[in-house]
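Undergrad: Sharing a structure with you now.
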Amino acid sequence: MAIPQTNESSLTQGQINQLEKATPFWKIIFNQFIEHKMAVAGSIVILIFVIIALGADIISSITGLDPQKQNVSARYLAPFSTSEFSMDMKENEIEKWSEKNPELAVELSNFIKEKSLFSATDGQNPLIGFGTQDVSVVTAAIASENSASINSFKELTKTFTTKHWFGTDEVGRDVLIRLIYGTRVSMGVGVMVAIASALIGLLVGSVAGFYGGRIDTALMRITDALLSLPLVPVLIVLAAVDLQKLPAIKALMRPDNESIVKMFIILCFFSWMTVARLVRGSILSLREREFVLAAKTLGAKDSTIIIKHMFPNVIAPMLVAISLGVGNSILFEAALSFLGLGIMPPTASWGNMLNNAQEVIYKNMWLTILPGIMILLTTISFNFVGDGLQDAVDPKSIRR
Amino acid sequence: MTTFILRRLIQTLVVIALLSYVCFYLMTLMPGDPVELMIQSNPKITSEDIVRLKQLYGLDQPAYKRYATWVSTIAQGDLGYSRTYRVPVGELMGPRLYNTFILSMLSLLISLAIALPMGIYSALNPGGKFDSFVNLFSFAGISIPSFWLALMLIIIFSVNLGWLPAGGTETVGMSDADYFTMIKDRGVYLILPILSLSIQQIGGFVRYARSAMLEAMRNDYIRTAKAKGLARNVIIWRHGFRNALIPLITIIALSFSTLFSGALLTETVFAYQGVGKLVYDSIIGNDYNVAMISFIISVSMVLLMNLVADILYGFADPRITFN
């Protein structure tokens, strides 16, 4: 807060009150944070993605797009193109419609014969023959007509075409809706891994820092050993393992979330180390502070001292670590899914949408470009937010 | 110093040994052991055959006994046989290690050659236009998925422009050509992998170079040197840069771990025949002998580089003692 550069007498009572009121800690951080333009931009992007991820089902029901729906007659469509059902899919739909509305179907067949809109060959149902033509032909033929049967049929033919803003993939699924559902999986895994591993790190770091001695040495040896491993090869080995063979983990898994749970466990196992070191460092210095000594003198339990007196002091740096961790987790999830070892199809994630990108490049390069842009946007946003938080909680670290 | 190096060396070896056992155990958890694969490919196999085969391969033994057998064969110099490539593992590893070495060293050198001047320049002119560009670039570098960057380079340079091959290590049949043609040929295949590895590494290095240089230039002796009236170049290079180098050496040596991780993905995307691709292919293809050896070699390389980093740190900064 800027202090006005005037002598005291010229201050109004309101200004004095404002000056005397202490700014709460979170507000200081917030004010610092919004100074960092890229961090603010990053948080807006993240907010939009969170809304998209939470509203994926709503978006799907409004647009009528289904992430799982395949259409082999419309593979590799370019962005902004429209796909049509294949002949047999149309036939199926028309048959379903006629079963539902038998009288409308009879009326429409008679109408088609009357106006000779379609010359049926022997044994062919004129309704199906007419309806399975190109949608543009059908709508042009009945555009000016207006009756109950035709209006209902018009509604039906409308569902035969789908607009694909981002095109379709190798089995004709809509890329846009898969990206939207992928946001849910990829960001969900990223955020959950970051939070869970921060909690593990908090536990390990505080135990090591508080008790010191042999416990500290042992825990930090493990931390350092894990930190020094090249992550991608190690993660690949772990991801290739059939975790179902481990009974403890089997209980957590259902067939539909198996790969997500597995990814979560593996990534958590390798992301807690930075937080652990950070927390240990702060706890080591906090241990020597007077308020801890005071709590000890008053006979507080170890757990009380750690949780009540030390944790509030490490929350701020942990927030930074979490937001930087989300970006990393998303990157690792994407890399493993890209290699075919992460999130398994048909569940869409940004990484597994890139799974056979190398072959697909020549057919439709947008299939490769779009999921990557989503990953890049999300990770860069989280990294900027982490940077902004870092500056906010520790003004000494601001880039000068 | 010697005791420190010895102690660290023993620690590293212990980690490698532990890790190799963990890796061995994990491999037993992977779907499809050799006998299972034989059962799949041969429907006429009887249950007695299966028992006999399991005994032959030692698969009826617990994991630690199999590990002991495996270690003793390794100790005798027998690295095993690759199921996929039909050659001894030792023969397979040599050229792969060479390929990965060339790829990672070249990209490390190139990214350092670009990142250090960039970082130093932006540290000397903080807050300027170039500085904010460097900031944005380094954030993009650390946030971009490495495999996607590689795919984008393929789209631009191979699919659209058609300048460079989309993947591979060398043109088939080139090994008979004379030396210079061969180097030229391999160079063409190296450009895109190196580019994609370097772009990411520059992102990380620039950040560290900038902050190390900023930190060094804020010291009191820099002010003293300025007050003495020393030339700007002398201040920057002899007083500033030399001190900025200390943290940089560690960062560079530690970056081998990420370099190797990145190289695995890059090699896979570009079908470049290096160790990283071998690790991936052998794990996917249930080629256990190759997977174990290549994994252990790659992890050991990284751990040894970390050790080298610690030792170099002591040489770069005489104030550090190893006690």
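Undergrad: Just wondering, is there one or more residues in the stretch B:243-253 that are of a type in the set (Gly, Ala, Ser) and within 8 Å of chain A (Cβ to nearest Cβ)? Give the steps one after another, and end with the answer.
TA: Taking the stretch B:243-253 as the starting set, the residues that turn out to be of a type in the set (Gly, Ala, Ser) are B:244, B:253.
Those left that are additionally within 8 Å of chain A (Cβ to nearest Cβ): none.
So far as the stretch B:243-253 goes, no, none of its residues is of a type in the set (Gly, Ala, Ser) and within 8 Å of chain A (Cβ to nearest Cβ).
Undergrad: Continuing with this model, one more query. Sort out which residues of the stretch A:279-309 are of a type in the set (Lys, Arg) and within 21 Å of A:Val393 (Cα to Cα), and write them in order of number.
TA: At the first step, the residues of the stretch A:279-309 found to be of a type in the set (Lys, Arg) are A:280, A:287, A:289, A:296, A:301, A:308.
If the condition is that a residue be of a type in the set (Lys, Arg) and within 21 Å of A:Val393 (Cα to Cα), then A:Arg280, A:Arg287, A:Arg289, A:Lys308 are the ones that fit.
Undergrad: Can you list the helices (runs of 4 or more DSSP H) lying wholly within the stretch A:282-376 that have 2 or more residues being under 24 Å from A:Ala240 (Cβ atoms)? If you could, list the steps in order and put the result at the bottom.
TA: On the way: elements: A:290-297, A:311-338, A:350-353, A:357-360.
Result: A:311-338, A:350-353, A:357-360.
Undergrad: Something else about it: Looking at the stretch B:1-35, which of the residues that are open to solvent by 50 Å² or more (accessible area, probe 1.4 Å) and over 29 Å from A:Leu231 (Cβ atoms) is modelled with the lowest pLDDT?
TA: B:Met1
Undergrad: In the stretch A:154-172, what residues are open to solvent by 30 Å² or more (accessible area, probe 1.4 Å) and closer than 18 Å to A:Met374 by Cα?
TA: A:Trp165, A:Phe166
Undergrad: A further question follows. Has the stretch A:243-260 got any residue that is at pLDDT 85 or above and either assigned to a helix (DSSP H, G or I) or under 16 Å from A:Gly201 (Cα atoms) (or both)? So that I can check it myself, show each step before the final result.
TA: To start, the set of residues in the stretch A:243-260 that are at pLDDT 85 or above comprises A:260.
Those still in the list that are either assigned to a helix (DSSP H, G or I) or under 16 Å from A:Gly201 (Cα atoms) (or both) too: A:260.
Yes, some residue in the stretch A:243-260 is at pLDDT 85 or above and either assigned to a helix (DSSP H, G or I) or under 16 Å from A:Gly201 (Cα atoms) (or both).
Undergrad: Of (1) among the aromatic types (Phe, Trp, Tyr); (2) within 14 Å of chain A (Cβ to nearest Cβ); (3) part of a loop (DSSP other than H, G, I, E, B), B:Tyr85 satisfies all except one. Which?
TA: (2)
Undergrad: Turning to a different aspect of this structure: Restricted to the stretch A:192-223, and to residues that are in contact (Cβ under 8 Å) with a residue 24 or more places away in the chain and within 14 Å of another protein chain (Cβ to nearest Cβ), which residue is nearest to B:Phe256 (Cα to Cα)?
TA: Taking the candidates together, the pick is A:Thr223.
Undergrad: Hey, does the stretch B:232-243 have a residue that's in a helix (DSSP H, G or I), β-branched (Val, Ile, Thr), assigned by TED's automatic domain parsing to the domain that holds B:Val279 and touching a Phe, Trp or Tyr at 6+ places or on another chain (Cβ under 9 Å)?
TA: no
Undergrad: Also: Kindly provide the set of residues from the stretch A:385-394 that are open to solvent by 10 Å² or more (accessible area, probe 1.4 Å) and in a helix (DSSP H, G or I), ordered by number.
TA: Of all residues in the stretch A:385-394, those open to solvent by 10 Å² or more (accessible area, probe 1.4 Å) come to A:385, A:387, A:389-391, A:393-394.
Residues satisfying the conditions are A:Val385, A:Asp387, A:Leu389, A:Gln390, A:Asp391, A:Val393.
Undergrad: Looking only at the stretch A:383-400, filter to residues that are at pLDDT 80 or above and facing chain B (nearest Cβ under 8 Å); which one of those is farthest from A:Ser259 (Cα to Cα)?
TA: A:Asp387
Undergrad: Have a look at A:Leu331, A:Leu367, A:Leu336 and point out the one that is in contact with an Asp or Glu (Cβ under 6 Å, 6 or more places away or on another chain) and open to solvent by less than 40 Å² (accessible area, probe 1.4 Å). Let's see the steps before the verdict.
TA: Details: A:Leu331 fails: in contact with an Asp or Glu (Cβ under 6 Å, 6 or more places away or on another chain); A:Leu336 fails: in contact with an Asp or Glu (Cβ under 6 Å, 6 or more places away or on another chain).
The conditions single out A:Leu367.
Undergrad: Considering only residues of the stretch A:117-135 that are modelled with pLDDT of 70 or more and open to solvent by 60 Å² or more (accessible area, probe 1.4 Å), which is farthest from A:Lys154 (Cα to Cα)?
TA: Going through the qualifying residues, I end up with A:Asn125.
Undergrad: Among the numbered criteria (1) in contact with an Asp or Glu (Cβ under 9 Å, 6 or more places away or on another chain); (2) open to solvent by 30 Å² or more (accessible area, probe 1.4 Å); (3) more than 14 Å from every other protein chain (Cβ to nearest Cβ); (4) closer than 28 Å to B:Ala212 by Cα, which single criterion is violated by B:Leu103?
TA: Only one criterion is unmet by B:Leu103, namely (2).
Undergrad: So, in the stretch B:36-53, how many residues would count as being at pLDDT below 75, of a type outside the set (A, V, I, L, M) and either in the same structural domain as B:Ile293 (by TED's automatic domain parsing) or part of a helix (DSSP H, G or I) (or both)?
TA: 3
Undergrad: List pairs: first residue in the stretch B:218-242 and of a type in the set (Ser, Thr, Tyr), second residue part of a helix (DSSP H, G or I) anywhere in the structure, Cβ distance under 8 angstrom, at least six positions apart or on different chains.
TA: From the stretch B:218-242, the pairs are B:Tyr221/B:His239.
Undergrad: For the stretch B:129-144, indicate whether the set of residues that are away from every other protein chain (no Cβ under 14 Å), over 19 Å from the mean Cα position of the chain (by Cα) and either surrounded by 17 or more Cβ atoms within 10 Å (Cβ to Cβ) or without any contact (Cβ under 8 Å) to a residue 60 or more places away in the chain (or both) is non-empty.
TA: So far as the stretch B:129-144 goes, yes, one or more of its residues are away from every other protein chain (no Cβ under 14 Å), over 19 Å from the mean Cα position of the chain (by Cα) and either surrounded by 17 or more Cβ atoms within 10 Å (Cβ to Cβ) or without any contact (Cβ under 8 Å) to a residue 60 or more places away in the chain (or both).
Undergrad: Still on this structure, I have one more. May I ask you to verify whether A:Ser186 is open to solvent by less than 40 Å² (accessible area, probe 1.4 Å), at pLDDT 85 or above, in contact with an Asp or Glu (Cβ under 8 Å, 6 or more places away or on another chain) and among the polar types (S, T, N, Q)?
TA: Yes: the conditions hold for A:Ser186.
Undergrad: In the stretch A:353-381, what residues are more than 8 Å from chain B (Cβ to nearest Cβ) and of a type in the set (Phe, Trp, Tyr)?
TA: A:Trp366
Undergrad: Moving on. Test of understanding: among B:Leu124, B:Leu112, B:Leu151, which residue is in contact (Cβ under 8 Å) with a residue 40 or more places away in the chain and away from every other protein chain (no Cβ under 14 Å)? Outline the logic, then answer.
TA: Working: B:Leu124 fails: away from every other protein chain (no Cβ under 14 Å); B:Leu151 fails: away from every other protein chain (no Cβ under 14 Å).
Being in contact (Cβ under 8 Å) with a residue 40 or more places away in the chain and away from every other protein chain (no Cβ under 14 Å) holds for just one of B:Leu124, B:Leu112, B:Leu151, which is B:Leu112.
Undergrad: Condition first: at the interface with chain A (Cβ under 10 Å from one of its Cβ atoms) and modelled with pLDDT of 80 or more. Now tell me which residues in the stretch B:256-281 satisfy that. Quick ask: steps written out before the conclusion?
TA: Just the residues of the stretch B:256-281 that are at the interface with chain A (Cβ under 10 Å from one of its Cβ atoms), to begin with: B:256-265, B:268-271, B:275-276, B:279-280.
Correct list: B:Ala263, B:Leu264, B:Leu265, B:Thr268, B:Val269, B:Phe270, B:Ala271, B:Val275, B:Gly276, B:Val279, B:Tyr280.
The values are calculated or read from the model by the stated rules, or taken from the named source; none is laboratory data. Everything numeric here is computed off the predicted structure, so don't read it as measured data. Using ideal geometry, Cβ is built from the backbone for each residue, glycine included, and neighbour counts are taken over all protein chains shown. Only protein heavy atoms, including side chains, enter the accessible area calculation; ligands, DNA and RNA are left aside. Shrake-Rupley method; radii C 1.70, N 1.55, O 1.52, S 1.80 Å.
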